[in-house]
Amino acid sequence: MTDIPKLAAPQLVVNSRMLYTSWIPADPQAARAYLPPALRPAPNGAIYMNQYVVDSAEQTTGFGAYSLTYIGLDLDVFAPDGVTPARFFTHYFNSSQVVRAYVSARGVPASPGNTELDLHAHTLTATTSIDGKPVIRTRVKVSKKIGTTVAGHLKYVTRVGDRLVGGNYPYIGELVDEFEVLSLEFLDPDHPVYALRPAAPLQIVVGSSFYSPRDSFVYPGGEEDMGPASG
């Protein structure tokens, strides 16, 4: 069995290919059931998802190449900017045992999975698979021109034992100037992540969905104790 390296915190990732989407769920009550008692969802009940690929080890300070889909709920508390909702992880499908070990120690519910981003002309397809079976597929229309560069901090909340921990994740992303979600499919009704599927018709949260061919971030940055998970 290969020893998993113990990595220093934080870790830096540069120039990932990232598709970030947010939507209103079909079953807000089922989604909310994933939250610890001390946390409350954002007023609109939004779900977020990040599907991204890190193509080479040279893009990281220790993670190596990997792919990842993580998903969860927006919360009624905020990132350091006081505007962007903080977010709680419910699922985290990562191709790298090294990354899974690093984040699991910080309360992230990490499990194996693979994500592929395929761009043909102006259609980007992101497919998340578990044990070789596709479980989530997103199709978006994108341009190849960068429209803006954004920077800031996101806050992701995890549960470590009976404590909630908030991690700040600084980022810099180059976003394409044209972006439209064409479809967002949850393909396996028997998988627990199906509880977070989007409502029909699809209701995308504007301002929280984008494609960046070059997104860089620190993973995680400063962490803070947010109190007991039990409320």
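For first residues located in the stretch 148-161 and of a type in the set (D, E, K, R), partners that are not in a strand (DSSP E or B) and lie 6+ apart or on another chain with Cβ distances below 8 Å form the pairs 155/79; 155/80; 155/84; 159/36; 159/107; 159/229. The single residue among 107, 45, 64 that is without any contact (Cβ under 8 Å) to a residue 60 or more places away in the chain, in contact with a Gly (Cβ under 9 Å, 6 or more places away or on another chain) and either assigned to a loop (DSSP other than H, G, I, E, B) or not basic (Lys, Arg) (or both) turns out to be 107. Checked against (1) closer than 22 Å to residue 211 by Cα; (2) free of Cβ contacts under 8 Å to residues at least 60 places away in the same chain; (3) charged (D, E, K, R), residue 17 meets all criteria but (2). Residue-level analysis places residue 35 among those that are touching a Phe, Trp or Tyr at 6+ places or on another chain (Cβ under 7 Å), within 25 Å of residue 191 (Cβ to Cβ) and open to solvent by 10 Å² or more (accessible area, probe 1.4 Å). If you take the residues in the stretch 3-26 that are closer than 16 Å to residue 48 by Cβ and not small (Gly, Ala, Ser), which one is surrounded by the fewest Cβ atoms within 10 Å (Cβ to Cβ)? Among residues in the stretch 3-26 that are closer than 16 Å to residue 48 by Cβ and not small (Gly, Ala, Ser), the one surrounded by the fewest Cβ atoms within 10 Å (Cβ to Cβ) is 24.
Number of residues in the stretch 14-42 that are in contact with a helix residue (DSSP H, G or I) (Cβ under 6 Å, 6 or more places away or on another chain) and either in a loop (DSSP other than H, G, I, E, B) or under 23 Å from residue 174 (Cα atoms) (or both) equals 2. Pairs linking a residue in the stretch 121-136 that is in contact (Cβ under 8 Å) with a residue 60 or more places away in the chain to a residue that is among the aromatic types (Phe, Trp, Tyr), with Cβ atoms under 7 Å and 6 or more positions apart or on different chains, are 124/211; 128/93; 130/93; 136/186. Scanning the stretch 181-231 for residues that are open to solvent by 80 Å² or more (accessible area, probe 1.4 Å) and either within 25 Å of residue 40 (Cβ to Cβ) or under 15 Å from the mean Cα position of the chain (by Cα) (or both) turns up 203, 206, 223, 224, 225. For the stretch 89-101, does any single residue satisfy the condition of being under 25 Å from residue 207 (Cβ atoms), open to solvent by less than 20 Å² (accessible area, probe 1.4 Å), out of contact with any helix residue (DSSP H, G or I) (no Cβ under 8 Å at 6 or more places or on another chain) and of a type in the set (A, V, I, L, M)? Checking the stretch 89-101: not a single residue is under 25 Å from residue 207 (Cβ atoms), open to solvent by less than 20 Å² (accessible area, probe 1.4 Å), out of contact with any helix residue (DSSP H, G or I) (no Cβ under 8 Å at 6 or more places or on another chain) and of a type in the set (A, V, I, L, M).
Residue by residue, here is whether (1) hydroxyl-bearing (Ser, Thr, Tyr); (2) surrounded by 16 or more Cβ atoms within 10 Å (Cβ to Cβ); (3) farther than 20 Å from residue 21 by Cα holds:
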{"residue": "110", "(1), (2), (3)": "no, yes, no"}
{"residue": "124", "(1), (2), (3)": "no, yes, no"}
{"residue": "129", "(1), (2), (3)": "yes, yes, no"}
{"residue": "148", "(1), (2), (3)": "yes, no, no"}
{"residue": "152", "(1), (2), (3)": "no, no, no"}
{"residue": "159", "(1), (2), (3)": "no, yes, yes"}
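Among the criteria (1) of a type in the set (A, V, I, L, M); (2) assigned to a loop (DSSP other than H, G, I, E, B); (3) within 18 Å of the chain's Cα centre (by Cα), the one residue 73 does not fulfil is (2).
The values are calculated or read from the model by the stated rules, or taken from the named source; none is laboratory data. Computed from a predicted structure; not experimentally measured. Ideal geometry is used to build each Cβ from the backbone, glycine not excepted, and the neighbour counts take in all protein chains shown. What goes into the accessible areas is simple: the full protein's heavy atoms, side chains included, and nothing from ligands, DNA or RNA. Shrake-Rupley method; radii C 1.70, N 1.55, O 1.52, S 1.80 Å.
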